[in-house]
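Input: a single structure, listed below in structure tokens.
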Amino acid sequence: MLASSVLRNATRPTLRLLPKLQRRPLPAAYNTSTKLFDPSISALGYQGDELTEQEVGVGVQGNAPVKPPGADFGRAAMPLSSNVYPLLTPTLNKFTLRDKVAVVTGAGRGLGLNMAQALAESGVRGLAILDVQQDIGDQSARELSRQTGIDACFYRVDVRDEDEIHETVQSIADRFGRIDILINAAGIADSNIKAETYPLPAFRRLLDINITGTFITAQACAAHMISSRRGGSIINIASMSGSIVNFPQSQCSYNASKAGVIQLTKSLAAEWAEHGIRVNSISPGYMDTALNRVPALEAQKKIWVELTPQKRLGGVDDLNCLAVFLAGEGSGFMTGADCRIDGGYTVW
Ligand SMILES: NC(=O)c1ccc[n+]([C@@H]2O[C@H](COP(=O)([O-])OP(=O)(O)OC[C@H]3O[C@@H](n4cnc5c(N)ncnc54)[C@H](O)[C@@H]3O)[C@@H](O)[C@H]2O)c1
């Protein structure tokens, strides 16, 4: 609930005085989670042409499940008939993922779920969804399986748990006989926490999930890709926050974590190229995922939209086609790349 009154922002006079299109003091990025530690946040917004500041009351929600689970499906998934392949040109064939097996972390909802759907529509025969949330993970796998007829299964795991991840990846390899694609989409975001008061356990937890979790899952899947001698494609979901600093919200841990994911991606690409494994990252801008759809973020969202040349947030399926491209043969000479999808946010 928006709590308190609008304050005239005496501390940021330059912001208020700038004309609309030049009102761009700092780059901004995204926030999915609500603030975990303070009962309210200071959110900048606009009233007419004037920059204002609001104290926004925020409930402690963390990574609460989307209600209803699966609500992020924009539409039902469509199966890809094998009759289609002979009709495709060689170019279009390289955009398909015929008979491949994919693992997607964080696919209980949001961007991960939508990319999983895109893979399911592009020819994969097996799909493993990994998420820490049982209810939404189960539902995602069940729905994708029902809608496309592919073998989709769900594993409840925390990407920070090395033993659990290694066991899970082994059982995926046993079930499907191979692993060709990994999308690391599991991640969290704390935001509106100032660096000078950032609680260390929270700082560490975020890095542990966003960077170490990405590494653990990549390492476990790469072991199978290497031993099978078939190589594979790993796609890490980073963020434009890995290259720019957010505005107006303070989120140093998230930004540092995503910079780490981008650099981890390049390092793994260099090391695993000899095994035929390609590793690339996708860096989204502000996306309209469930956790951004809360009243507490409305004021900040206006600023994000204002600062994005396309004047909108990204849709939950806006990463899908790039994910399919990076997963498949069409991107065969691409590795170590960080691809931004941000509606133009970072061009300014
Ligand atoms: N939404 C955005 O604006 C945006 C922008 C840039 C980058 N990203 C990144 O995209 C990815 C997906 O974001 P989203 O908006 O879909 O968020 P989301 O919260 O809707 O989905 C993230 C999923 O990851 C799962 N998860 C969280 N911690 C986990 C853990 N320890 N182990 C296993 N699963 C875990 C959650 O249960 C959830 O289903 C994240 O890495 C996020 O940082 C999002």
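For the stretch 286-334, applying the loop criterion from DSSP together with a ceiling of 15 other beta carbons within 10 Å to the chymotrypsin sites (Phe, Trp or Tyr not before Pro) yields Phe333.
Per-residue 3J(HN,Hα) values for the stretch 82-93, derived from phi via the Karplus relation 6.51 cos²θ - 1.76 cosθ + 1.60 with θ = phi - 60°, read 5, 5, 6, 3, x, 8, 7, 5, x, 5, 5, 4 Hz in sequence order (x marks Gly and Pro).
Please turn the phi angles of the stretch 175-188 into ³J(HN,Hα) values with the Karplus equation 6.51 cos²θ - 1.76 cosθ + 1.60 (θ = phi - 60°), one per residue in order, whole Hz, x for glycine and proline. With coefficients 6.51, -1.76 and 1.60, one gets 5, 9, x, 6, 9, 10, 9, 10, 10, 8, 10, 4, x, 10 Hz. Here the spin labels are modelled as points 7 Å beyond Cα on the Cα-Cβ line, and at Leu200 and Arg156 they lie 3.3 nm apart. Summarising the amide proton neighbourhood of Ser281: residues at separation of 5 or more, or on other chains, whose placed amide H is nearer than 5 Å comprise Asn236, Ala337, Asp338, Cys339.
In whole Å, what three semi-axes, largest first, describe the equivalent ellipsoid of the stretch 134-261 built from its Cα gyration tensor (square root of 5 times each eigenvalue)?
Working: eigenvalues 187, 56, 37 Å².
Semi-axes (√(5λ), whole Å): 31, 17, 14.
By the gyration tensor of its Cα atoms, with a ≥ b ≥ c the square roots of the eigenvalues, what is the shape of the stretch 64-207: rounded for a/c under 1.5, prolate for a/b over b/c, or oblate? Because a/c hits 1.5 or more and a/b exceeds b/c, the stretch 64-207 counts as prolate.
Past the 26 Å Cα-Cα mark, which pairs from Lys258/Lys311; Lys266/Lys302; Lys100/Lys311; Lys94/Lys258; Lys194/Lys301; Lys100/Lys301? Before the final figure, lay out the partial values.
Numbers: Lys258/Lys311 24 Å; Lys266/Lys302 34 Å; Lys100/Lys311 37 Å; Lys94/Lys258 29 Å; Lys194/Lys301 19 Å; Lys100/Lys301 38 Å.
Long pairs (Cα-Cα over 26 Å): Lys266/Lys302; Lys100/Lys311; Lys94/Lys258; Lys100/Lys301.
Shown in residue order for the stretch 309-320 are the 3J(HN,Hα) couplings computed by the Karplus curve 6.51 cos²θ - 1.76 cosθ + 1.60 at θ = phi - 60°: x, 7, 6, 7, 7, x, x, 5, 9, 6, 9, 4 Hz (x for Gly and Pro). Approximating the spin labels as points 7 Å out from Cα along Cα→Cβ, the Lys94-to-Asp208 distance works out to 4.3 nm. If you sort the three axes of the alpha carbon gyration tensor as a ≥ b ≥ c, you get a/c of 1.5 or more for the stretch 97-141 and a/b above b/c, which makes it prolate.
Judged by the ratio a/c of the largest to the smallest principal axis of the C-alpha gyration tensor, the stretch 95-180 counts as oblate, that ratio being 1.5 or greater while a/b is no larger than b/c. The trypsin sites (Lys or Arg not before Pro) of the stretch 185-215 meeting both criteria, a DSSP state outside H, G, I, E and B (loop) and at most 13 other C-beta atoms within 10 angstrom of the site's C-beta, are Lys194. Here the spin labels are modelled as points 7 Å beyond Cα on the Cα-Cβ line, and at Lys266 and Ser171 they lie 3.8 nm apart.
Multiply the residue gap between Lys311 and Gln134 by 0.36 nm, knock off their C-alpha separation, and tell me the result in nm, one decimal place.
On the way: separation 177, 0.36 × 177 = 63.72 nm, distance 3.52 nm.
Contour length minus the Cα-Cα distance gives 60.2 nm.
Using R₀ = 41 Å, calculate the FRET efficiency as 1/(1 + (r/R₀)^6) where r is the Cβ-Cβ separation of Asp163 and Ser81; round to 0.05. Provide the component values of the computation, followed by the final result.
Working: r = 40 Å, r/R0 = 0.98.
With a Förster radius of 41 Å, E is 0.55.
All of the numbers you see were taken from the coordinates with simple rules; none came from a lab. None of the values given here were measured: they were computed from a predicted structure. No Cβ is skipped: glycine too gets one built from the backbone with ideal geometry, and neighbour counts run over all protein chains shown.
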